Amino acid sequence: MVYLDYNATTPLAPEVIEAITDTLKEAWGNPSSSYPAGLKAKNVISSAREQVANMVGASANDIFFTSGGTESNNWILLMAVQLFDFYDSAEDNNGHNKSSRVPHFITSNVEHDSVKLVLEHFKRKKIADATFVPVLHSTGAVDTDEVMAAITPNTVMISLMLANNETGVIQPVKEICNKVRNLKRCEGETKRIYLHTDAAQAIGKIGVDVRELGVDYLTVVGHKFYGPRIGAMCAVNPSKDTPVLPVLFGGGQERNFRPGTENTPMIAGLGKAAELVCKNLHRYQTHMEDVRDYLETQLKEKFGEGVCINGKFPASHRLPNTCNVSFTDQKLKGGEILRKAPSVQASVGAACHSQDRPSHILISCGVPESVAWKALRISVGRETTRQDIDQALQELESVFRES
């Protein structure tokens, strides 16, 4: 078997398994307890918080552990609604006409479902309005001017993924943040536009620094960078600059913002995975880019004009590990190719999407539906070798000969 679906999930790094196992054995106490076993667990969590913060250029106080990216994204979007309502109520109390205003979000049309479906739900329930800015067919990324043009007096948040999980295209998050920071809102307007990026696919593949990007909130997903299936929400300087509000209530863990007894072993694993990224990112990035580029070279050599690399735009940057390829001169759809080549463990798109329709991400990027049907997302990892690529392509060649 050749595993080529690292954008869906990654295996646990050996060091991460060791950290989790050691914590299960040695730091099993309740982190809220004051006796030694509890204090040991609390110290493990504190260390992991520092490690995750270091990975994304934040402070330990900025990090809140969650169950994963979906929770983090939902939490951030719900907080934005609460913040808008708070400021809107304050205006109403000062004698202004509150009317029936609702918060407004700006995002792209290629976001992960944990952002897309939340905002669609807000719109249906009239909780909030949302503008889904289309990505350009020439870049696979949003145009910064179009994002800025979508801003209204009610805009409370711009939420854009840092890198797309299917095409690997890196979005202009930093440029948009810079423009928003310099924006002078309408006269008398005092509310901020909060900035969020879902960095799930970017972390562990490219450098990610919240302060360099200029975002207020950032989403961390452990199982995308060889960590466990938990995550974190980063809010930059929450005590002063970036408000954090609870959406759950309970025992007061995570500074009363995200209650529930902490999952100490998985948090320890997340911290170790973050530490590995800090130490080895350049090596990881260089290796994955070399293997991905070798893959695309071999695809062209073996299949010629019969392959189309989706998402490889001259004016855009991509993740170093991601190749979305369509076999245009084959009758087989992407899902059919994978069923006939079981040793090639890849995907036709996001793991949480149905395989009975072409990727809406590719279609949104301007890929014709007939080409999108024939696409495979191949994402390499830290351990993927050129020999793995040769083996996978040999399998695909065999499938095409028989079709």
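Numbers below:
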item	result
Filter result (of a type in the set (D, E, K, R) and surrounded by fewer than 24 Cβ atoms within 10 Å (Cβ to Cβ)) within segment 143-180	ASP143, ASP145, GLU146, LYS174, GLU175, LYS179
TYR284, sole failed condition from (1) more than 20 Å from VAL2 (Cβ to Cβ); (2) buried (at least 21 other Cβ atoms within 10 Å of the Cβ)	(1)
Every pair of residues 6+ apart whose Cβ atoms lie under 8 Å, when the first sits in segment 209-231 and is polar (S, T, N, Q) and part of a helix (DSSP H, G or I) while the second is buried (at least 23 other Cβ atoms within 10 Å of the Cβ) and modelled with pLDDT of 95 or more	none
Residue list for segment 108-133, restricted to those being over 20 Å from the mean Cα position of the chain (by Cα), surrounded by 19 or more Cβ atoms within 10 Å (Cβ to Cβ) and part of a helix (DSSP H, G or I)	PHE122
Hits in segment 52-78 (condition: surrounded by fewer than 22 Cβ atoms within 10 Å (Cβ to Cβ), over 24 Å from VAL156 (Cα atoms) and either touching a residue at least 24 places away in the same chain (Cβ under 8 Å) or aromatic (Phe, Trp, Tyr) (or both))	ALA53, ASN54, GLY57, SER59, SER67
Any hit, segment 243-261, residues being under 28 Å from THR10 (Cβ atoms) and among the hydroxyl-bearing types (Ser, Thr, Tyr)	yes
Qualifying residue in segment 54-61 (condition: out of contact with any helix residue (DSSP H, G or I) (no Cβ under 6 Å at 6 or more places or on another chain) and within 30 Å of LEU195 (Cβ to Cβ))	yes
Among residues of segment 7-43, those that are in a helix (DSSP H, G or I), more than 26 Å from the chain's Cα centre (by Cα) and within 14 Å of ASN263 (Cβ to Cβ), counted	4
Some residue of segment 134-142 being touching a helix residue (DSSP H, G or I) at 6+ places or on another chain (Cβ under 7 Å), buried (at least 21 other Cβ atoms within 10 Å of the Cβ) and at pLDDT 95 or above	yes
Single residue of segment 279-337 satisfying the filter (aliphatic (A, V, I, L, M), in contact with a strand residue (DSSP E or B) (Cβ under 7 Å, 6 or more places away or on another chain) and in a helix (DSSP H, G or I)) that is farthest from LYS374 (Cα to Cα)	LEU295
The one condition in (1) over 26 Å from PHE225 (Cα atoms); (2) buried (at least 17 other Cβ atoms within 10 Å of the Cβ) that ASN321 fails to fulfil	(1)
Residues satisfying the stated conditions in segment 356-403, i.e. β-branched (Val, Ile, Thr), crowded, with 18+ Cβ neighbours inside 10 Å and part of a loop (DSSP other than H, G, I, E, B)	VAL367, VAL380, THR384
ASP356 at pLDDT below 95, over 15 Å from GLN330 (Cα atoms) and out of contact with any strand residue (DSSP E or B) (no Cβ under 9 Å at 6 or more places or on another chain)	yes
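The values are calculated or read from the model by the stated rules, or taken from the named source; none is laboratory data. Note that the coordinates shown come from a computational prediction; the quantities given were computed from them, not determined experimentally. With ideal geometry, Cβ positions are generated from the backbone for all residues, glycine too; neighbour counts draw on all protein chains shown.
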